[in-house]
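In what follows, a single structure is set out as structure tokens and then discussed.
The values are calculated or read from the model by the stated rules, or taken from the named source; none is laboratory data. Please read these numbers as outputs of a predicted model, since none were measured by experiment. Cβ coordinates were reconstructed from backbone atoms using ideal geometry, including for glycine residues, and neighbour counts include every protein chain displayed. Ligands, DNA and RNA are stripped out before the accessible areas are found, and what is left, the full protein with its side chains, is counted by its heavy atoms. Shrake-Rupley method; radii C 1.70, N 1.55, O 1.52, S 1.80 Å.
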Amino acid sequence: LDRTSGSGNDNIDSVSATNYKTKGRFVQYDQSKTNTLADVQLFYTKEIKSIKSKVDVLIGHSYQAFRTNTNNYAAYGQDGTLIPGSTPTFPDDESEFRLESYIGRVNFTFNNKYLITASIRSDASSKLNPADRVGYFPAVAAAWKLKDEFFKSVNALTDLKLRLGWGITGQQDGLGYYTYLPRYSQGTATAQYQFGNTFVTYLRPEGYDPFLKWETTTTSNVGLDFSFLNNRISGSADYYFRKTKDLLANVTVAAGANFVNRITTNVGNVESKGVEFTLNTTPVKTADITWDLGVNYTYNKATITNLLKNPDPNFKGEPTSGIGGGTGNTIGIHSVGYAPATFLV
């Protein structure tokens with residue numbers, strides 16, 4: 001259980017030109033955040049010595065709840081009188097969202113040479129619409145100890161292992177807590193209707209997407225782990241390919257199609273591929289000194305393959321990467337055939 005809280009107040013002096021009529025302004029606010037996490041896991045392990053094998057099984061359940069309580073109280077002048085129109089902002093609002101997951105995994109080692117693992121996750125998020133709230137994400141991987149298979153007599157080689165993997169993951173970060181629901185919010189003090197000398201705060205509709213679901217990424221990879229001279233030299237090399245669909249992106253909404261001009265929704269696909277190489281060495285190892293030296297290299301290429309739910313030959317891309325100098329200025333673009341957030345000056 002993690003809990004944080006904070007509070008403060010804004011004081012504006014009575015000589016301020018913006019609040020001289022009320023002889024100053026005093027506003028108090030506070031906020032608290034609570035993150036509750038419960039993980040329960042059960043393990044089972046069995047060795048099968050007759051075939052030099054081992055199996056272990058994991059089943060687990062995870063539950064996490066995030067809750068935020070924010071209070072912005074009414075404003076008062078220095079003489080203690082309530083400033084008209086300064087009603088509290090959602091004084092009893094406690095926004096929250098929850099995640100719940102189940103996982104099952106099996107690892108199997110055969111003859112101390114072949115390793116196989118398979119898993120399945122079930123994840124549910126309250127940020128997503130009820131019909132698509134639960135996502136199922138499988139994964140499988142295998143490894144082959146080449147050292148024990150082909151190079152037992154090579155003393156300089158400590159370990160050599162080939163790895164293959166495939167899996168699907170889901171993510172829902174970046175979404176608001178209730179953006180799949182039709183809802184209204186209270187207008188601010190700078191957005192009120194005026195009736196005579198009275199300013200009235202009103203409720204206004206928020207933009208929403210009732211079909212929000214998991215963004216999913218499918219990854220395949222092949223890798224090689226190696227070590228020499230009793231692990232004085234070790235490292236790994238990997239090649240991977242990822243394909244993301246139902247990308248959660250903030251895009252422009254056609255006029256009249258929603259209550260906002262931009263909304264975060266499932267739209268588009270991105271492909272990425274790359275290599276990663278790591279080399280770790282220990283050039284010096286004595287009773288008094290150990291010197292470790294490591295180097296790594298990574299190359300990644302990401303390409304947007306789709307950004308529209310419906311084809312549009314006139315669509316050039318989605319502006320992004322806001323900059324100063326004016327309202328709505330950007331320095332980048334999400335465009336099909338290019339990497340995300342490519343510069344467009």
Margin query: What FRET efficiency comes out for Tyr136 versus Ser50 if R0 is 35 angstrom and r is the Cβ-Cβ distance? Round to the nearest 0.05.
Written below: 0.45
Note to self: I'd like the accessible area for Leu224, computed on protein heavy atoms only with a 1.4 Å probe and all protein chains in place. Round to 10 Å², please.
What the structure shows: 60 Å²
Item checked: C-alpha center-to-center spacing [the stretch 285-345, the stretch 35-89] in angstrom -> 30 Å
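Which order, highest average first, do 74-84, 293-303, 127-137 follow once you tally other Cβ atoms within 10 Å for each residue and take the mean per peptide? Walk me through the numbers before you get to the answer.
Details: 74-84: 14.1, 293-303: 11.2, 127-137: 16.3.
Result, highest mean first: 127-137, 74-84, 293-303.
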Margin query: Once you place label points 7 Å from the Cα toward the Cβ at Asp173 and Asn35, how far apart are they in nm?
Written below: 1.1 nm
Item checked: Rounded, prolate or oblate (a/c below 1.5 giving rounded, otherwise prolate when a/b exceeds b/c) for the chain by Cα gyration tensor -> prolate
Next item on the list: Identify all lysines with a Cα-Cα distance to Lys243 below 18 Å; exclude those on the same chain that are fewer than 8 residues away in sequence.
Entry: Lys213, Lys273, Lys301, Lys309
Notebook entry, point to check: For the chain, which whole percent of the accessible surface, found with a 1.4 angstrom probe, sits on carbon and sulfur atoms?
Noted result: 56 percent
Check: Using a basic spin-label model with each label point 7 Å from the Cα along Cα→Cβ, how many nm lie between Trp291 and Ile323?
Finding: 4.6 nm
Checklist line | Label point 7 Å beyond Cα of Thr282 along Cβ direction - residues of the stretch 154-191 with amide nitrogen under 20 Å | finding: 155-161
Check: Expressed as a rounded percentage, what relative contact order does the chain have, with Cα pairs under 8 Å and six or more residues apart?
Finding: 9 percent
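Using just the helices of the chain, give the 222 nm mean residue ellipticity in deg cm²/dmol: DSSP H runs with n ≥ 4 each add -39,500 (n - 2.57), and the total is spread over all residues, rounded to 500. All intermediate terms of the calculation are to be shown ahead of the outcome.
On the way: 1 runs with 5 residues, N = 345.
Calculated mean residue ellipticity at 222 nm is -500 deg cm²/dmol.
Give the accessible surface of the chain per residue, rounded to a whole number of Å², with probe radius 1.4 Å and ligands, DNA and RNA excluded. Before the final figure, lay out each step's value.
Details: 22170 Å² over 345 residues.
Here the per-residue accessible area is 64 Å².
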Check: Of the peptides 30-39, 333-342, how do they stack up when ordered by the mean number of other Cβ atoms within 10 Å, highest first?
Finding: 333-342, 30-39
Notebook entry, point to check: Taking the alpha-carbon centroid of each part, what is the distance from the stretch 223-256 to the stretch 97-115 in angstrom?
Noted result: 20 Å
Next item on the list: Please list Phe108, Phe226 in order of solvent-accessible area, largest first, computed with a 1.4 Å probe with all protein chains present.
Entry: Phe108, Phe226
